[in-house]
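Inspection log for the structure reproduced underneath, given as structure tokens.
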Amino acid sequence: MKIKNIVLDRANDKPILADVCYRKNAEKKPLVIFCHGYKGYKDWGAFDLMSDVFIDNNLFLLKFNFSHNGGTMENPIDFPDLEAFGQNNYSKEQNDLKFVIDWVLQQEKYANELDSENIILIGHSRGGGAVILKASQDDRIKKLITWAAVSDYKSRFPVGPILEHWKKEGVAYIENSRTLQQMPHYIQFYEDFIANEDRLTIKTAATKLKISHLIVHGSEDTTVGIEEAKNIEKWSSKSELLVVPEGDHGFGAKQPWEEEKLPKDFAFVLEKSLAFINDK
């Protein structure tokens, strides 16, 4: 079964929209929590077809939108709430991920359907960085999978005159090449990182990992270079690197994805990820 667009209300924070996907059979299944990347969302590209694969393989999947990704409860696809997008930061994403993990483990209706002792995090792109950070801090996480993950947040911030201009103006814009929206980043994004740099440095987190870690990266990824995967492999002591020959950043997926089958590379990544999850 696939329960889409569950609203997770929070007392003092923006709500989170989530999908829960599993085969209802009263068997305790590995709990897989999936994090999307920058300018992404839980329904991007082939992610919904991906859900069916997890269900078919008797896993419990939760995928969600980060609270400030720019979507709304009514329109979770694309970016109707650019103000929220501009107020996002890495700390908020860490808080979101903790909330989601805590929430699903507290739901009595899922108690017989998921194995709370077998939690796997998967993150794509910027979400890959997020799950590395979380797994290093949360001993409930038993395995980690990163797809086309970034290895460093700080290097993505501007320096010199561009940074000074951002500080002066208080906001900088990046164009979304698909929707043509001018997407804001308020200076708080940078300020929050600097204030929490130790906690938000992926290298520091990766060197603390003691769990099995599958790193997947396309050899032709022009968005996040394969050097970043090699860096993560060096830092994460129990990691293995799977390079997808000719693979791009989305492993063949794009938005919108209108075909009924997964892209070949994406299907391959899923196959290897499932084998990693099921490997005892």
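Within region 237-254, identify whether any single residue is in a loop (DSSP other than H, G, I, E, B), among the acidic types (Asp, Glu) and out of contact with any strand residue (DSSP E or B) (no Cβ under 8 Å at 6 or more places or on another chain), and answer yes or no.
Just the residues of region 237-254 that are in a loop (DSSP other than H, G, I, E, B), to begin with: 237-238, 245-254.
Add one more test, that the residue is among the acidic types (Asp, Glu), and what stays is 246, 248.
The next check asks that each one be out of contact with any strand residue (DSSP E or B) (no Cβ under 8 Å at 6 or more places or on another chain); those that pass are none.
No; the residues of region 237-254 include none that is in a loop (DSSP other than H, G, I, E, B), among the acidic types (Asp, Glu) and out of contact with any strand residue (DSSP E or B) (no Cβ under 8 Å at 6 or more places or on another chain).
What about residue 61, is it out of contact with any Asp or Glu (no Cβ under 6 Å at 6 or more places or on another chain) and either modelled with pLDDT under 95 or surrounded by 18 or more Cβ atoms within 10 Å (Cβ to Cβ) (or both)? Before the answer, list the steps.
On the way: out of contact with any Asp or Glu (no Cβ under 6 Å at 6 or more places or on another chain): yes; either modelled with pLDDT under 95 or surrounded by 18 or more Cβ atoms within 10 Å (Cβ to Cβ) (or both): yes.
Taking the combined requirement at face value, the residue satisfies it.
Against the definition (outside any loop (DSSP other than H, G, I, E, B), in contact with a strand residue (DSSP E or B) (Cβ under 6 Å, 6 or more places away or on another chain) and at pLDDT 95 or above), how does residue 49 come out, yes or no? Quick ask: steps written out before the conclusion?
Numbers: outside any loop (DSSP other than H, G, I, E, B): yes; in contact with a strand residue (DSSP E or B) (Cβ under 6 Å, 6 or more places away or on another chain): no; at pLDDT 95 or above: yes.
For residue 49, the condition - outside any loop (DSSP other than H, G, I, E, B), in contact with a strand residue (DSSP E or B) (Cβ under 6 Å, 6 or more places away or on another chain) and at pLDDT 95 or above - is not met.
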Residue in region 70-88 that is surrounded by the most Cβ atoms within 10 Å (Cβ to Cβ), counting only those that are free of Cβ contacts under 8 Å to residues at least 40 places away in the same chain and in contact with an Asp or Glu (Cβ under 7 Å, 6 or more places away or on another chain): 72
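Which ones in region 185-229 are in contact with a His (Cβ under 6 Å, 6 or more places away or on another chain) and surrounded by fewer than 17 Cβ atoms within 10 Å (Cβ to Cβ)? Step through it out loud before you land on a result.
Pass one, region 185-229, residues in contact with a His (Cβ under 6 Å, 6 or more places away or on another chain): 221, 223, 226, 229.
Within region 185-229, 223 is the sole residue that qualifies.
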Residue 38, sole failed condition from (1) part of a loop (DSSP other than H, G, I, E, B); (2) touching a residue at least 24 places away in the same chain (Cβ under 8 Å); (3) under 19 Å from residue 6 (Cβ atoms): (3)
Residue identified as among the basic types (Lys, Arg), under 27 Å from residue 80 (Cβ atoms) and in contact (Cβ under 8 Å) with a residue 40 or more places away in the chain among 261, 208, 203, 254: 254
Candidate set: region 250-269, residues that are within 18 Å of the chain's Cα centre (by Cα) and surrounded by 20 or more Cβ atoms within 10 Å (Cβ to Cβ); chosen: the one farthest from residue 32 (Cα to Cα): 252
Sole residue being out of contact with any Phe, Trp or Tyr (no Cβ under 7 Å at 6 or more places or on another chain) and either of a type in the set (Phe, Trp, Tyr) or crowded, with 22+ Cβ neighbours inside 10 Å (or both), chosen from 120, 101: 120
Residue pairs meeting the criteria (Cβ under 7 Å; at least 6 apart or on separate chains; first touching a residue at least 40 places away in the same chain (Cβ under 8 Å) and within 19 Å of residue 85 (Cβ to Cβ), in region 161-173; second part of a helix (DSSP H, G or I) and not basic (Lys, Arg)): 171/86
Pairs where the first residue, in region 179-193, is of a type in the set (Phe, Trp, Tyr) and the second is buried (at least 18 other Cβ atoms within 10 Å of the Cβ) and part of a loop (DSSP other than H, G, I, E, B), C-beta under 6 Å, 6+ apart: 189/89; 193/200
Qualifying residue in region 10-20 (condition: among the polar types (S, T, N, Q) and surrounded by fewer than 15 Cβ atoms within 10 Å (Cβ to Cβ)): yes
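The values are calculated or read from the model by the stated rules, or taken from the named source; none is laboratory data. Predicted, not measured: the structure shown is a model, and the values here were computed from it. All Cβ positions, even for glycine, are placed from backbone atoms using ideal geometry, and neighbour counts span all protein chains on display.
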